[in-house]
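Following: one structure in structure tokens, then a few remarks.
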Amino acid sequence: MTAPRPSFPGQDWHVGQTADHCIGAGKVGPLIIVGMYNTKARIREYTPTHVPRLGGGRADHYAKFLLDEVQPFIDREYRTLSGSQHTGVGGSSLGGLVSLYLGLKHSRIFGKVAALSPSVWWNQLVIQRFVQATVVEPRPRIWLDIGTREGPRIVHDVERFRDVLLEKGWKLGEDLHYERVEGAEHNEAAWAKRVGPFLQFLYPAR
């Protein structure tokens, strides 16, 4: 265990502690979690397209950083298992958006995606159009959720994205988990409560 590292607003998800508990309880298989430091450039780095006034559009550069620098370093320094079935990416809000984008575009590398309250609204639902136009093979295993107190339009957009995944061949309860979390807001306290469940779905103990 390392010392906790806060997210952008300075709050801790307790991912390490939750993972340790789930592994110890036999609910999640052993895994290595790599937390990326969140910077003020998150809008630029976590979005696949550029939007006037908002910027963005450097998600492919972020992917290159992960694939060419971070992953080789982790594989070199730790005992890792190769293959997309062992490798995942995840995040919340814009981090959830970029995780979906990376998992769909690089599914031969990232076989598991955790998208908590993803910002699917970005650039008039560009991630929805992306998955509709893309042949995703193999299909990554996806955890998708949204809190009911994040706004009715946000909930609708995420559920429409879920429906697009179903139209493309994902199956609920198999390679797709969708959850509408009653009363949950768009914040770290809400996402921290979903760490255990998404780890159990994506990395169940054998």
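The values are calculated or read from the model by the stated rules, or taken from the named source; none is laboratory data. All values reported here derive from a predicted model rather than from experimental measurement. Please note: Cβ atoms are built from the backbone with ideal geometry, for glycine as well, and neighbour counts cover all protein chains shown. Remember, those area values only see protein heavy atoms, side chains included, never the ligands or the DNA or RNA. Shrake-Rupley method; radii C 1.70, N 1.55, O 1.52, S 1.80 Å.
By the helix-only formula, in which each DSSP H run with n ≥ 4 contributes -39500 (n - 2.57) and the sum is divided by residues, the chain has a 222 nm mean residue ellipticity of -11000 deg cm²/dmol.
For Tyr78, what accessible surface area do you get with a 1.4 Å probe? Give it in Å², rounded to 10. Approximately 120 Å² for this residue. Counting only Cα atoms, the size of the stretch 155-206 along its three principal axes is 35, 32, 13 Å, in decreasing order. When we measure straight from the Cα of Lys105, which lysines land under 24 angstrom away, once same-chain ones fewer than 8 places off are left out? Within reach: Lys64, Lys168, Lys171.
Can you classify the stretch 126-179 as rounded, prolate or oblate using the Cα gyration tensor, where a ≥ b ≥ c are the square roots of its eigenvalues, rounded means a/c under 1.5, and otherwise it's prolate if a/b beats b/c and oblate if not?
On the way: a/c = 2.67, a/b = 1.46, b/c = 1.83.
The shape class here is oblate.
Once both labels are positioned 7 Å from their Cα atoms along Cα-to-Cβ, the gap between Gln124 and Glu159 label points is 2.4 nm. For the stretch 96-206, what class follows from the C-alpha gyration tensor (a ≥ b ≥ c being the square roots of its eigenvalues): rounded when a/c is under 1.5, otherwise prolate if a/b is larger than b/c, else oblate? Here the stretch 96-206 falls in the oblate category. Computed packing ranks the peptides 132-145, 20-33 as 132-145, 20-33, most packed first, by mean other Cβ atoms within 10 Å.
For the chain, what is the accessible area per residue in Å² when the probe is 1.4 Å?
55
Solvent-accessible surface (1.4 Å probe) assigned to Ser107 amounts to roughly 10 Å².
Loop-only check: which trypsin sites (Lys or Arg not before Pro) in the stretch 50-107 are DSSP coil with at most 11 other Cβ within 10 angstrom? Sites meeting the loop and neighbour criteria: Arg53, Arg79. Surface composition of the chain: carbon and sulfur atoms hold 52% of the protein heavy-atom accessible area at a 1.4 Å probe.
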